[in-house]
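The values are calculated or read from the model by the stated rules, or taken from the named source; none is laboratory data. Because the structure is predicted, anything quoted here is derived from the model rather than measured. Here Cβ is always computed from backbone atoms with ideal geometry, including for glycine, and neighbour counts include all displayed protein chains. For the accessible areas, the whole protein counts, side chains as well, though only heavy atoms, and no ligand, DNA or RNA atoms are used. Shrake-Rupley method; radii C 1.70, N 1.55, O 1.52, S 1.80 Å.
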Amino acid sequence: MRELKALIFDVDGTLAETERDGHRIAFNRAFAEANLNWIWSESLYGELLEISGGKERIRYYLQQYHPDLMEDLDTLIPQLHQDKTNHYRHLLSLGEIQLRPGVKRLIEEAYQEGIRLAIATTSTLANALALIEKHLNPQWFEVIAAGDIVPNKKPAPDIYNYVLNKMQLSPDQCLVFEDSFHGLQASFDAGLQTVITLHDYTKHQDFSLASVVLNHLGEPNNNFKIFKGDMNNKGYLDLELCQKLIINY
């Protein structure tokens, strides 16, 4: 019988709804600080989220909306991204960004039961750690794979293959938590079973490759809504359900 050995989590949009009220605001503050008249609205940011990685997102935006910009992009983009990271960390320090329902409960349960934990994200290591340090404990995570640690970002499977290699686990021993089509494509191509917790930016994406699709992981007093999958009449995802997903994979 297959046995659950590890839970692997994406960060942005999965652990917390960081995009709209976190990263987007931080990007806009970085632009204003650099005297750039660029404003990423909620709708525009939804478009830009099709591009994985913050630096890559800026470059795409410039190619699409400011193709005639006469700047050294190899200098400008990293500086803007660093400034954005500083603003994002400040937002976190103020408690502006909270974990999504069920995240802390499930991670604490896994840690207490000896299930190994890992992070696989295209976010920078600094941003991932800032969120984890604010709400969780970085020492609970055996691997925190982030940013440019692999050559190709999601939807390429590189980050998940890296985590599996570091943990010396096979895909059928792990369960992944993602929030986007790109994240799902990456985990699926690495052979991993995936639980999707969608949100406003991703609710219309194609999650046909996912094992389970929910609006969030749920709490005993705040049941999830199921879009795909059999949750055994439960209202929140716990380790028992995670193990059943592995067995039935």
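Over the chain, one equal point on each Cα, no solvent: what is log10 I(q)/I(0) by the Debye formula at q = 0.10, 0.13 Å⁻¹?
Taken in order of the listed q values, log10 I(q)/I(0) reads -0.47, -0.78.
Roughly how many percent of the accessible protein surface of the chain is carbon and sulfur, given a 1.4 Å probe and a whole-percent answer?
Working: 5220 of 11410 Å².
Heavy-atom surface of the chain belonging to carbon and sulfur, 1.4 Å probe: 46 percent.
Given a 1.4 Å probe, how much area per residue of the chain is accessible, in Å²?
Result: 46 Å² of accessible area for each residue.
Relative contact order for the chain: what percent, with Cα pairs under 8 Å and sequence separation of 6 or more?
Value for the chain: 23 percent.
Do the sum for the chain: with -39,500 (n - 2.57) for every DSSP H run of n ≥ 4, divided by all residues, what is the mean residue ellipticity at 222 nm, to the nearest 500 deg cm²/dmol?
That calculation yields -12000 deg cm²/dmol at 222 nm.
Debye sum, Cα scatterers, segment 1-73, no solvent: what log₁₀ I/I(0) at q = 0.12, 0.17, 0.27 1/Å?
Those come out to -0.42, -0.70, -1.43, one per q.
Can you tell which of Leu80, Ile97, Gly114 lies farthest toward the positive end of the dipole of segment 75-114, using +1 and -1 charges on the Cβ of basic and acidic side chains (Lys, Arg; Asp, Glu)?
Farthest towards the positive pole: Leu80.
Just to be sure I understand the model, the point goes 7 Å from the Cα along the line to the Cβ. What's the resulting Ser208 to Phe227 distance in nm?
Placing both labels 7 Å beyond Cα along the Cβ direction yields 1.5 nm.
Go ahead and set up a Gaussian network model of the chain, Cα springs under 10 Å, then flag whichever of Asn35, Asn222, Asn165 fluctuates most.
Result: Asn35 has the largest fluctuation of those listed.
On a straight-distance basis, which lysines could pair with Lys84 in a cross-link, Cα separation under 17 angstrom, same-chain partners fewer than 8 positions away excluded?
Answer for Lys84, where 17 Å is the Cα cut-off: Lys55, listed by chain and number.
Just to verify a number: FRET efficiency for Lys166 and Gln112, C-beta to C-beta distance, R0 = 30 Å, to 0.05?
The computed FRET efficiency comes out at 0.85.
Rounded to whole Å, give me the distance from the Cα center of segment 59-87 to that of segment 3-27.
Segment 59-87 and segment 3-27 have Cα centres spaced 23 Å from each other.
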